[in-house]
Amino acid sequence: MTREARKRELGRGERVIPGLWRLRLPLPWPGVPHGNAWAIASGPGIVLVDTGTHEAGSLAQLERAMEQVGLRLPLVRLLVCTHAHSDHWGQAAPIRELAGCEFWMHPNHAHAVMGASDPEAALARRLEVGRQSGVPEEALRRYADRYESMPSGIAAVIEPDRPLVSGVVVESDLGRWDVYETPGHAPSHVCIFAPERRLLVSGDHLLGRISLYFDYGYTPDPVGEFLHSLDVVERLGARLCLPGHGRTFADVHAHIRGNRELVRQRLASVREALAHGPLTAFEVVPHVYGDSLSPQNTHWLLSKILSFLTHLQVTGVARRIAGDDGQPERWAA
Ligand SMILES: [Zn+2]
Ligand SMILES: [Zn+2]
């Protein structure tokens, strides 16, 4: 998307059902032009789920979306974030400040906090993972140059007022919403489910257009955790899904099956790649994603490949061969 087209992207609000609104907020990312926050009526105010990213003018976009459906920021009585990626909790600090509300999020948010509070340490860690994975030095240098100009998208790191873990209930006019921990996409990920109406706010765990992402390096097996989280959500029997990006969708079970199938395909591709002999994670990428690798997406794709490789290791299909003398590690079937 061109810079001009991006500028025209504006916050928009729409009612989904009485007492539930979708707030569509612009994002500065190519290929992901917007994300959703959800407003749920709750007594004299609302519960706000997710925040949009933080950048110049982003709070005005949220206010604009709210105004379109007759809402205002001071009405927020509780802010809940599905996970600690910047597009879902980036504006938590100013919202809590302006609304004077509580902010609830899962405590396993270390994966996001480092990037926001100590960008140098976060960059060093990413470069180390890249080096270990066989990314050429030149590409790492380009990434480091770019990283310095990349905003974190997080206004300020604030600790949740309450840990959003399984068993916590969010009250609303649509009935109770139960919290389910659904790690995989991110260690801090939760979904909330309203059993009376069978509504599921899915964050990035389930999206209308199936796409996978895993935060690598914070938990033992992100892919395994994601598959387990799909089982957790499947048992709920949701009839309408309110995802973190894109429109609501009703065929929730088809989407769950689609996610499982895509994971299966990707794991099969990684296994096939390993048949060519021990490879670095970087060398596996083109086997799975073709020649789509670019400086912009290397970190993203590598994080997924490392997560798939780790899952194959955990399930006894692949093994990791440590690299000696600064050599990258390799993976073998
Ligand atoms: Zn996310
Ligand atoms: Zn997202």
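Restricting attention to region 256-284, the residues that are without any contact (Cβ under 8 Å) to a residue 12 or more places away in the chain and either within 23 Å of the chain's Cα centre (by Cα) or not in a helix (DSSP H, G or I) (or both) add up to 5. Looking at V270, V284, V314, which is the one that is of a type in the set (V, I, T), touching a Gly at 6+ places or on another chain (Cβ under 8 Å) and farther than 30 Å from R24 by Cβ? The conditions single out V314. If I go through region 181-196 residue by residue, how many of them are part of a strand (DSSP E or B) and within 16 Å of ligand 1 (Cβ to nearest atom)? Looking only at that region, the number is 4. The set of residues in region 77-111 that are among the aliphatic types (A, V, I, L, M), more than 13 Å from ligand 2 (Cβ to nearest atom) and within 18 Å of the chain's Cα centre (by Cα) comprises L79, V80, A92, M105, A110.
Taking region 87-99 as the range and being surrounded by fewer than 24 Cβ atoms within 10 Å (Cβ to Cβ), in contact (Cβ under 8 Å) with a residue 60 or more places away in the chain and not charged (D, E, K, R) as the test, the residues that pass are A93, P94.
Look at region 52-65: where a residue is buried (at least 18 other Cβ atoms within 10 Å of the Cβ) and a partner is acidic (D, E) and modelled with pLDDT of 95 or more, sitting 6+ places away or on another chain with Cβ atoms under 8 Å, you get G52/D87; T53/D87.
Condition test on L206, is it in a strand (DSSP E or B), within 16 Å of ligand 2 (Cβ to nearest atom) and closer than 24 Å to G11 by Cβ?
For L206, the condition - in a strand (DSSP E or B), within 16 Å of ligand 2 (Cβ to nearest atom) and closer than 24 Å to G11 by Cβ - is not met.
Spot the failing condition for E102; the list is (1) surrounded by fewer than 16 Cβ atoms within 10 Å (Cβ to Cβ); (2) touching a helix residue (DSSP H, G or I) at 6+ places or on another chain (Cβ under 6 Å); (3) under 23 Å from V165 (Cα atoms), and only one is missed. (2) is the only condition that E102 fails.
The values are calculated or read from the model by the stated rules, or taken from the named source; none is laboratory data. What you see is a predicted model; the values in this text were computed from it and never measured. Because the Cβ atoms are built from the backbone with ideal geometry, glycine has one as well, and the counts that use them run over all protein chains shown.
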